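To keep things clear, I will list the structure first and then write my remarks on it.
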Amino acid sequence: MNSLIAAISLSDPTIRRMLMGTVLIGLTASVIGVFSFLRKKSLVGDAISHAILPGVALAYMFTETKSTWVLMIGALIAGWLATQLMDGLSRTTRLKPDSVVAIVLSIFFSIGLVLISWIQGNGADSQSGLSDFLFGKIAAISSDDIVLFAIVGSFLLVLLILKYRAFYFVAFNQEYMKVRGYSIRWNDLLISTASILAIAMGIQAVGVVLMSALLIIPVASARMLTFRIIPLLVLSGCFGITGAIGGAFGSTLGDNMPTGPWVIVVLFAITVVTFCIRAFRERTPKNPSPETKNT
Amino acid sequence: MSNWLIDTWFVLVTAILVAIPASLLGVFLMMRRMVMVGDAISHAVLPGIVVAYLITDSRDSFPMLTGAAIMGVLTTIFIDFLNSRIRIQQDAAIGTAFTFLFAVGVLLIAFFAGNNTDLDQDCVLYGDLEMTFLDQRIVGGYLIGTGAMLQLIPINVLVVLVLLIAYRPLTVWAFNPDFGKLLGLKIRGWQLLVMTLVSLHAVFSFESVGAIMVVGMLILPAATAYLISDKIRRVFIYSVCIGILGCIVGFLAAMALNVSIAPTIVAICGVFFVITWLFKLFTRAYPSKINRTSDFGNATIDNSLTDI
């Protein structure tokens with residue numbers, strides 16, 4: 001309990017760093033997640049976050065460093081390969097979208113686990129950090145990582161603002177987009193690259209298994225309160241930040257406490273609250289909430 | 001036969017006992033577009049297992065397994081609830097439900113089983129297939145198998161029996177629920193039955209292959225079989241064969257490379273899938289995207305039409 005009080009008072013520089021890291025991750029992931037949510041491709045994010053693992057393991061094997069920059073490049077390549085494989089499978093076979101997601105997820109993730117157990121079995125000395133990727137440990141974050149997160153995060157947000165129209169059309173009206181002369185394939189690739197970057201960034205904090213929650217739950221909560229895209233982005237970002245802060249404080253409760261699960265529990269609590277707000281609004285006839293479609 | 005050989009043989013049999021029901025159930029999940037629900041179940045049994053473990057303080061007790069299996073079925077209901085009542089779209093409902101339940105499970109481990117090596121975060125991921133042979137059961141002086149094997153045999157028998165007895169209604173449910181409704185089938189009942197089997201299987205295989213590898217064993221053999229054949233009966237048979245073959249090859253590969261067995265088996269199944277896919281791709285045995293609306297059977301006809 002003392003550690004929690006110490007955390008809230010922000011006296012410890014480690015806690016400050018941790019908090020900044022999670023907030024950056026939460027913000028970026030939840031804003032980028034809006035677009036995969038709108039395209040009903042939320043679970044693709046789940047597959048990508050699993051698929052990043054072999055990239056991270058290979059990057060570590062080749063460079064023998066655990067620098068976040070290097071691991072992130074490995075993650076980017078693996079995530080990109082995974083999206084290409086998903087794309088190829090859904091274009092050339094009759095497998096349904098959910099099968100394609102599950103196939104890519106399990107192939108990449110199992111290869112990643114094999115590589116990690118190979119690294120561990122063959123006596124590389126400082127391998128312990130790699131398994132942190134599975135459940136996330138934000139406490140191990142360095143100030144270099146924060147700089148990297150800030151750069152990638154702001155790059156993604158600027159990209160989002162600049163390409164807002166294109167992203168909007170990819171999500172809502174691809175036919176119109178084609179007529180207007182935007183390249184769907186190119187913008188699709190841009191969005192998936194953006195989500196891979198956001199996921200690769202967040203893996204450190206919440207881990208492979210739970211990363212998809214950061215992409216999905218904030219948007220799902222925000223969607224209960226609004227049906228317009230700008231408020232959706234803003235609300236989703238706010239929820240992401242709230243979850244991140246809650247998670248960072250939660251993980252200071254114990255010595256061996258993982259960050260990711262706390263973030264998710266806080267996010268789920270936000271979902272419950274937003275649901276109650278919507279239910280209350282719908283009961284008040286003066287201010288009816290927009291009709292949300294049940295899909 | 002030396003002891004080492006018996007031990008490794010047990011591990012292989014355990015893996016195969018996980019693979020057989022998974023590759024059969026996977027076909028249904030694939031056809032009903034519920035693979036990710038299966039993935040969600042395999043994650044969500046974790047809090048059930050942890051709670052039951054904390055109450056009973058043992059890993060192989062019957063109440064623990066029932067508790068976790070109920071948890072698996074509750075997950076399906078929870079997803080359904082999020083989707084229809086809270087009105088979160090399907091994919092996000094799955095993502096919300098399983099990440100939340102998994103997070104609760106991991107937190108429970110961190111809070112209550114922190115010093116306990118028997119139930120840690122790693123076993124969630126890798127399982128401990130290598131360790132299953134330590135728990136040997138000896139009846140009347142004869143070694144009859146390991147604890148994991150004895151747990152897995154009933155679920156194998158159950159899945160195969162259900163499939164044999166209810167083959168017609170299950171396939172109708174899997175391929176054409178509307179037609180099934182017309183015939184007077186209780187669609188929700190059959191769905192619940194398959195989901196119960198999936199959760200039972202997830203719980204039983206949790207110990208040996210870990211929660212995360214279950215989805216690979218569910219989808220990869222089934223999807224490979226579906227690429228090879230258009231006949232439902234053959235899809236089931238091929239799926240089981242591929243699952244078993246994947247276990248054998250994966251097991252040998254893991255032994256040779258000295259890596260964990262469970263992920264290697266799934267990776268080998270993935271290799272089988274990719275080889276089949278590439279083979280199909282280059283021999284052009286596939287119809288173009290336009291003709292892909294039908295489920296089974298029309299593949300060859302469509303192909304000849306597009307070739308003309």
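The values are calculated or read from the model by the stated rules, or taken from the named source; none is laboratory data. Small disclaimer: the values here were computed from a predicted structure and weren't measured. Here Cβ is always computed from backbone atoms with ideal geometry, including for glycine, and neighbour counts include all displayed protein chains.
Within the set B:Val159, B:Val203, B:Val198, the sole residue that is out of contact with any strand residue (DSSP E or B) (no Cβ under 6 Å at 6 or more places or on another chain), buried (at least 22 other Cβ atoms within 10 Å of the Cβ) and away from every other protein chain (no Cβ under 14 Å) turns out to be B:Val203.
Scanning segment B:207-215 finds one or more residues that are more than 21 Å from A:Val101 (Cα to Cα), of a type in the set (Ser, Thr, Tyr) and either out of contact with any His (no Cβ under 6 Å at 6 or more places or on another chain) or part of a helix (DSSP H, G or I) (or both).
Among the residues making up segment A:242-264, those that are crowded, with 19+ Cβ neighbours inside 10 Å, of a type outside the set (Gly, Ala, Ser) and either within 17 Å of A:Val31 (Cβ to Cβ) or within 12 Å of chain B (Cβ to nearest Cβ) (or both) are A:Thr242, A:Met257, A:Pro258, A:Thr259, A:Pro261, A:Trp262, A:Val263, A:Ile264. Figure legend. Inter-residue proximity from segment B:13-40: first residues within 16 Å of B:Phe236 (Cβ to Cβ) and within 13 Å of chain A (Cβ to nearest Cβ), second residues assigned to a loop (DSSP other than H, G, I, E, B) and among the polar types (S, T, N, Q), beta-carbon distance below 7 Å, spacing 6+ or different chains. No pairs are indicated.
Could you say whether any residue in segment A:211-229 is in a helix (DSSP H, G or I), surrounded by fewer than 24 Cβ atoms within 10 Å (Cβ to Cβ), more than 9 Å from chain B (Cβ to nearest Cβ) and modelled with pLDDT of 90 or more? Yes - at least one qualifying residue is present in segment A:211-229.
Being under 19 Å from the mean Cα position of the chain (by Cα), crowded, with 22+ Cβ neighbours inside 10 Å and assigned to a helix (DSSP H, G or I) is a property that holds for B:Cys247.
For every residue, the table says whether it meets (1) surrounded by fewer than 20 Cβ atoms within 10 Å (Cβ to Cβ); (2) within 19 Å of A:Ser42 (Cα to Cα).
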residue: A:Leu160; (1), (2): yes, yes
residue: A:Gly181; (1), (2): yes, no
residue: A:Val208; (1), (2): no, yes
residue: A:Ser236; (1), (2): no, yes
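Going through A:Gly21, A:Gly74 one at a time, which residue ends up being surrounded by 19 or more Cβ atoms within 10 Å (Cβ to Cβ) and farther than 21 Å from A:Ala244 by Cα? Going through A:Gly21, A:Gly74 in turn, just one is surrounded by 19 or more Cβ atoms within 10 Å (Cβ to Cβ) and farther than 21 Å from A:Ala244 by Cα: A:Gly74. Looking at A:Gln84, is it surrounded by fewer than 16 Cβ atoms within 10 Å (Cβ to Cβ) and modelled with pLDDT of 90 or more? Yes, satisfied. Annotation: of all residues in segment A:38-51 being among the hydrophobic types (A, V, I, L, M, F, W, C) and more than 12 Å from the chain's Cα centre (by Cα), the one that is nearest to A:Gly79 (Cα to Cα) is A:Ala51.
Candidates in segment B:228-274 are the residues that are in contact (Cβ under 8 Å) with a residue 40 or more places away in the chain and small (Gly, Ala, Ser); of these, the one that is nearest to B:Leu17 (Cα to Cα) is B:Gly243.
A quick yes/no check of all residues on (1) more than 7 Å from chain B (Cβ to nearest Cβ); (2) outside any helix (DSSP H, G or I); (3) surrounded by 21 or more Cβ atoms within 10 Å (Cβ to Cβ):
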| site | (1), (2), (3) |
| --- | --- |
| A:Met61 | yes, no, no |
| A:Gly88 | yes, no, no |
| A:Arg91 | no, no, no |
| A:Val104 | yes, no, yes |
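Report yes if some residue within segment A:42-59 is outside any helix (DSSP H, G or I) and surrounded by fewer than 24 Cβ atoms within 10 Å (Cβ to Cβ); otherwise report no. For segment A:42-59, residues outside any helix (DSSP H, G or I) and surrounded by fewer than 24 Cβ atoms within 10 Å (Cβ to Cβ): absent. Of the residues making up segment B:206-228, those that are more than 12 Å from chain A (Cβ to nearest Cβ) and either modelled with pLDDT of 90 or more or touching an Asp or Glu at 6+ places or on another chain (Cβ under 9 Å) (or both) are B:Glu207, B:Ser208.
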